[in-house]
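Remarks on the structure that follows.
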Amino acid sequence: MPYLINGQPLPEEWIREEEQRLGRDLRFNAIADEAGRVRQLRIAAQHAAIDRMLVEQAAAEDPRPIDPQAVEQEVQRQKQAGNGRTASDDSLLRQWVERQFRLQRTHAEMVAGAVQPAAQEVEAFYEANRENFRNPELFQAAHIVKHVNREHSAEEARAGIEAALAELERGQPFAEVAERHSDCEGNGGDLGRFPAGQMVQEFEDAIRALEPGQRTGIFSTPLGFHIAELRARIAAGPATFEEVRVVIERVLALQNQHQVYLRAVAELRSRADIRWEARLPPPVAQTLGVPSESGSATVGGR
């Protein structure tokens, strides 16, 4: 294994996982040279995997016990969720749960010194990025649906939706007809408010052609046959400060925590024995400051 972190081999799988995670970062996607992008991504993934192992080691070495009752409760919850199906899984599952609790405790303590963003900071961020805070177009609608599936043929669904339309045309209230005929019972077919793009395209196209208070005729989607009624439409527009204040506070708080976390990881790295135990390609070796000859070399820490 190329890296030894305090004598513990760094799994190649961890580096690949970090490559996949970091590969979604736009900063790497912006690198035009493919070879250069791959090389820089690999280096960044190695560093991230090393930091991950340092935190894992710190969590494992913490002598404080984890509450066995909390561990057992989580084991049972995981088993009910299907993550531990047999008795033989219990010991491994219990180890995994305790490891997760230790990591959570370590991470929480690493970021404990992060300050909460001040009110002036939150408002300044909003003012500087006001054009990026927008509310999407919203619809409020109700529908009657007859599904086409293994239980109901297209002919049966069509007959059911036509019966519903006939009652609507005789003046029956939409909510009452929905309760009698719709395969989505409850709330009189009311879907509440939802943003543009949330429903299947055929449904959105149908209600977009309406004015509030109007309803469609029968139309189809991949789900089956529908009748929809538009209750309200709210145009897209700028979001007010109060609408996004909590989101901004959370983002800025996470940024502060991340900076504190990076300083804590740097402290772990400064005390660690990080060694390269295999031959490095010259470009990577130069970037990391490691001799390219085979053998052991200290690349960070003590």
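The values are calculated or read from the model by the stated rules, or taken from the named source; none is laboratory data. What you are looking at is a predicted structure, and each value in this text was computed from that prediction instead of being measured. Note that each Cβ is placed from the backbone with ideal geometry, even for glycine, and that neighbours are counted across all protein chains shown. Heads up: the accessible areas ignore ligands, DNA and RNA and are worked out on the full protein's heavy atoms, side chains in. Shrake-Rupley method; radii C 1.70, N 1.55, O 1.52, S 1.80 Å.
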Would you mind telling me which numbered condition in (1) open to solvent by less than 40 Å² (accessible area, probe 1.4 Å); (2) under 18 Å from residue 210 (Cβ atoms); (3) of a type outside the set (Ser, Thr, Tyr); (4) free of Cβ contacts under 8 Å to residues at least 24 places away in the same chain residue 165 fails? (4)
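Can residue 151 be described as within 36 Å of the chain's Cα centre (by Cα), farther than 30 Å from residue 252 by Cβ and open to solvent by 90 Å² or more (accessible area, probe 1.4 Å)?
Details: within 36 Å of the chain's Cα centre (by Cα): yes; farther than 30 Å from residue 252 by Cβ: yes; open to solvent by 90 Å² or more (accessible area, probe 1.4 Å): yes.
In short, yes.
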Going through (1) open to solvent by 60 Å² or more (accessible area, probe 1.4 Å); (2) modelled with pLDDT under 95; (3) hydroxyl-bearing (Ser, Thr, Tyr) one by one, residue 292 fails only at (1)
Spot the failing condition for residue 205; the list is (1) in contact with a strand residue (DSSP E or B) (Cβ under 8 Å, 6 or more places away or on another chain); (2) open to solvent by 50 Å² or more (accessible area, probe 1.4 Å), and only one is missed. (1)
All but one of (1) surrounded by 13 or more Cβ atoms within 10 Å (Cβ to Cβ); (2) among the basic types (Lys, Arg); (3) modelled with pLDDT under 55 hold for residue 269; state the number of the condition that does not hold. (3)
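For segment 115-130, which positions are surrounded by fewer than 16 Cβ atoms within 10 Å (Cβ to Cβ) and either part of a loop (DSSP other than H, G, I, E, B) or in contact (Cβ under 8 Å) with a residue 24 or more places away in the chain (or both)? Spell out how you get there, then give the answer.
Step one: of segment 115-130, the residues surrounded by fewer than 16 Cβ atoms within 10 Å (Cβ to Cβ) are 115-116, 118-121, 123-124, 127-130.
Result: 115, 116, 118, 121, 123, 129, 130.
Can you tell me which of 8, 73 is within 18 Å of residue 274 (Cβ to Cβ) and surrounded by fewer than 16 Cβ atoms within 10 Å (Cβ to Cβ)? Walk me through it before giving the result.
Details: 73 fails: within 18 Å of residue 274 (Cβ to Cβ).
None of the others qualify; the one that does is 8.
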Subset tally (residues that are surrounded by fewer than 17 Cβ atoms within 10 Å (Cβ to Cβ), in contact with a Phe, Trp or Tyr (Cβ under 9 Å, 6 or more places away or on another chain) and part of a loop (DSSP other than H, G, I, E, B)) for segment 208-226: 1
So residue 138 passes all but one of these: (1) closer than 30 Å to residue 248 by Cα; (2) open to solvent by less than 30 Å² (accessible area, probe 1.4 Å). Which condition number does it fail? (2)
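Looking at segment 93-114, which of the residues that are in contact with a helix residue (DSSP H, G or I) (Cβ under 6 Å, 6 or more places away or on another chain) and among the hydrophobic types (A, V, I, L, M, F, W, C) is farthest from residue 264 (Cα to Cα)? Talk me through it step by step, then tell me what you get.
To start, the set of residues in segment 93-114 that are in contact with a helix residue (DSSP H, G or I) (Cβ under 6 Å, 6 or more places away or on another chain) comprises 93-94, 97-98, 102-103, 106, 110-111, 113-114.
Subset that is among the hydrophobic types (A, V, I, L, M, F, W, C): 93, 97, 103, 110-111, 114.
Values: 93: 29, 97: 24, 103: 14, 110: 6, 111: 8, 114: 11 Å.
Ranking the candidates gives 93 first.
Taking the condition of a type in the set (Lys, Arg), surrounded by 14 or more Cβ atoms within 10 Å (Cβ to Cβ) and assigned to a strand (DSSP E or B), does residue 233 pass?
Working: of a type in the set (Lys, Arg): yes; surrounded by 14 or more Cβ atoms within 10 Å (Cβ to Cβ): yes; assigned to a strand (DSSP E or B): yes.
Considered against the rule, which asks whether it is of a type in the set (Lys, Arg), surrounded by 14 or more Cβ atoms within 10 Å (Cβ to Cβ) and assigned to a strand (DSSP E or B), residue 233 comes out as yes.
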Screening 17, 61, 34, 98 for residues that are charged (D, E, K, R), open to solvent by 40 Å² or more (accessible area, probe 1.4 Å) and modelled with pLDDT under 95 leaves only 34
Answer residue from segment 237-250, given it is without any contact (Cβ under 8 Å) to a residue 24 or more places away in the chain and not acidic (Asp, Glu) and is farthest from residue 110 (Cα to Cα) among those: 240
